[in-house]
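The values are calculated or read from the model by the stated rules, or taken from the named source; none is laboratory data. In this text, all values refer to a predicted model and were calculated from it rather than measured experimentally. No Cβ is skipped: glycine too gets one built from the backbone with ideal geometry, and neighbour counts run over all protein chains shown.
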Amino acid sequence: MKRKICAVLVLCALCLGVSAENQWDHINRRHEVRIGWGDQLFESLVWHNPTNIMTNMPTTWEKTYHEDYRHHQHLWAEYQYRVTHWFSYGGMIDMSEVGWDDVTRNGAGIEMSRSKDHYFYNVVLMPTIRFTYFFHENVNLYSGLGIGLDINGGTEKNAFGKKTEVGAAVNITLIGISANYDRWFWTVDFGGMYALQNTNKIYMASSRIINVGFGARF
């Protein structure tokens, strides 16, 4: 009798395990598209209004400063294809810009002239992968990685007279949280984006620390 009971329990456990496995493997919506916003904390720390404008030089002396910086933050879009509940891959495009005015002042610090509409931008294109380590109907937790190219350009020229340069870009998502409602979802990602051509040309470092996104699955 005990053997029969044990056999029934084992059979029930196996059935439950197979059912749970099938439920885990079944994916209703494999495609995911989202758009979002990311911070420019790195850019705001590096490119900011000057704090040491000269005021004790002769009035005939002049210097041009970068002033009135405008940080336009990151705007991005991403597509993901979900292979399993724990792994997906896709691609992302990210765009950001920083603008400023060139202000020429004399030795007393008085503004002599102002040239507006100066700026630089970064456009990042990269394939991405994502690992979801907690999957639920309403909440997902994940981490991700992207490696690609950064296109840096704007109004300024480098030493060779070029306005556009290409470097490497990496985006790391340490932890991401997705709140789901049917096919719609909202995300908050914590990580960083990095882009550089070499040690002397660092375009981004720990930019996009916080990202907020909205998307749909289908």
query = Is it the case that Arg29 is in a strand (DSSP E or B) and surrounded by fewer than 16 Cβ atoms within 10 Å (Cβ to Cβ)?
reply = no
**Message:** Given the criteria at pLDDT below 95, buried (at least 16 other Cβ atoms within 10 Å of the Cβ) and in a strand (DSSP E or B), does Asn171 qualify?
**Reply:** no
Residues of segment 162-176 being over 15 Å from the mean Cα position of the chain (by Cα) and of a type outside the set (Asp, Glu), in sequence order, are Lys162, Lys163, Thr164, Val166, Gly167
Only one of Ala179, Ala159 is at pLDDT 90 or above and either under 20 Å from the mean Cα position of the chain (by Cα) or surrounded by fewer than 19 Cβ atoms within 10 Å (Cβ to Cβ) (or both), namely Ala179
Among the residues of segment 190-218, the number that are buried (at least 17 other Cβ atoms within 10 Å of the Cβ) and either in contact (Cβ under 8 Å) with a residue 60 or more places away in the chain or in a loop (DSSP other than H, G, I, E, B) (or both) is 10
Within segment 83-95, the count of residues that are surrounded by 14 or more Cβ atoms within 10 Å (Cβ to Cβ) and at pLDDT below 95 comes to 2
Selection from segment 99-121 of residues more than 18 Å from Thr55 (Cα to Cα) and either modelled with pLDDT under 90 or of a type outside the set (Asp, Glu) (or both) yields Gly99, Trp100, Ser115, Lys116, Asp117, His118, Tyr119, Phe120, Tyr121
